[in-house]
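S.K.: Sending over a structure as structure tokens; questions will come in a sec.
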Amino acid sequence: MSVALKQGLTFRMAEEKDVPLILYFIKELASYEKMLDQVVATEALLTEWLFEKKTAEVIFAELDGVAIGFALYFHNFSTFLGQAGLYLEDLYVLPAYRGNGYGKAILKQLAKIAVERGCGRLEWWCLDWNQPSIDFYLSLGAKAMDEWTVYRIAGDTLLKMASEN
């Protein structure tokens, strides 16, 4: 599926053959966020989790058939709303294409997907130091959830917890 939009911009759902491109965008985003050393994802893991287990989805924003941005997202669930939401894990536009409304177009496409699927909300996290992105999100009407703190159990701590009696 390809959707034409802003000045030749199209969106398409990722296919399994796109796994190297997905990993490329993940690494570009991680590099921007100064977290490249934390990327342990591989093409094999992405293939398994995105296309075999179907736990998340990816859309590409393309100009003239060239991917210039991507978004990776999945469904979550709000018990308070009693319905699913769309959680945006990653959004990235290549630096050469920023400032042209493509990030906003990607978010609009995700909002459209959320509404078409009957989701009650679209949400994501943003690093505290990333002021350009924070300003961008606020300009769209997004609200910071400052009263919430994210907690995480991962790696050895997760393994230890899972193995305790």
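S.K.: Take the alpha carbon gyration tensor of segment 112-165, find the square roots of its eigenvalues, order them as a ≥ b ≥ c, and report rounded if a/c is under 1.5; if not, report prolate when a/b exceeds b/c, else oblate. Intermediate results must be reported in sequence, preceding the final value.
M.R.: Working: a/c = 3.26, a/b = 1.66, b/c = 1.97.
Judged from the Cα gyration tensor, segment 112-165 comes out oblate (a/c at least 1.5, b/c at or above a/b).
S.K.: I've got another one for you. Note down the net charge around E123, summing +1 for each Lys or Arg and -1 for each Asp or Glu among other residues with Cβ under 13 Å from its Cβ.
M.R.: Values: positive: R121, K143; negative: E89.
So the environment of E123 carries a net charge of +1.
S.K.: Sticking with this structure for a sec: Answer rounded, prolate or oblate for the chain, using the Cα gyration tensor with square roots of eigenvalues a ≥ b ≥ c: rounded when a/c is under 1.5, else prolate when a/b is larger than b/c, else oblate. Walk me through the intermediate numbers first.
M.R.: Details: a/c = 1.43, a/b = 1.25, b/c = 1.14.
Note, shape of the chain comes out rounded.
S.K.: Would you please state which residues of segment 128-164 a label at K34 would reach in this model, taking the label point 7 Å out along Cα→Cβ and a backbone N cut-off of under 15 Å?
M.R.: 128-133
S.K.: List, in order, the whole-Hz ³J(HN,Hα) value for each residue of segment 42-48 obtained from phi through the Karplus relation with A = 6.51, B = -1.76, C = 1.60 and θ = phi - 60°; use x for Gly and Pro.
M.R.: Whole-Hz 3J(HN,Hα) from phi for segment 42-48: 10, 4, 5, 5, 5, 4, 4.
S.K.: Is segment 5-73 best put as rounded, prolate or oblate by its Cα gyration tensor, with a ≥ b ≥ c the root eigenvalues, rounded for a/c under 1.5, and otherwise prolate when a/b is larger than b/c, oblate when not? Each step should come with its number before you reach the end.
M.R.: Numbers: a/c = 2.34, a/b = 1.28, b/c = 1.82.
Judged from the Cα gyration tensor, segment 5-73 comes out oblate (a/c at least 1.5, b/c at or above a/b).
Rule-based calculations on the coordinates, nothing more; no lab input. Every value quoted in this text rests on a predicted model; they were computed, and no experiment measured them. All Cβ positions, even for glycine, are placed from backbone atoms using ideal geometry, and neighbour counts span all protein chains on display.
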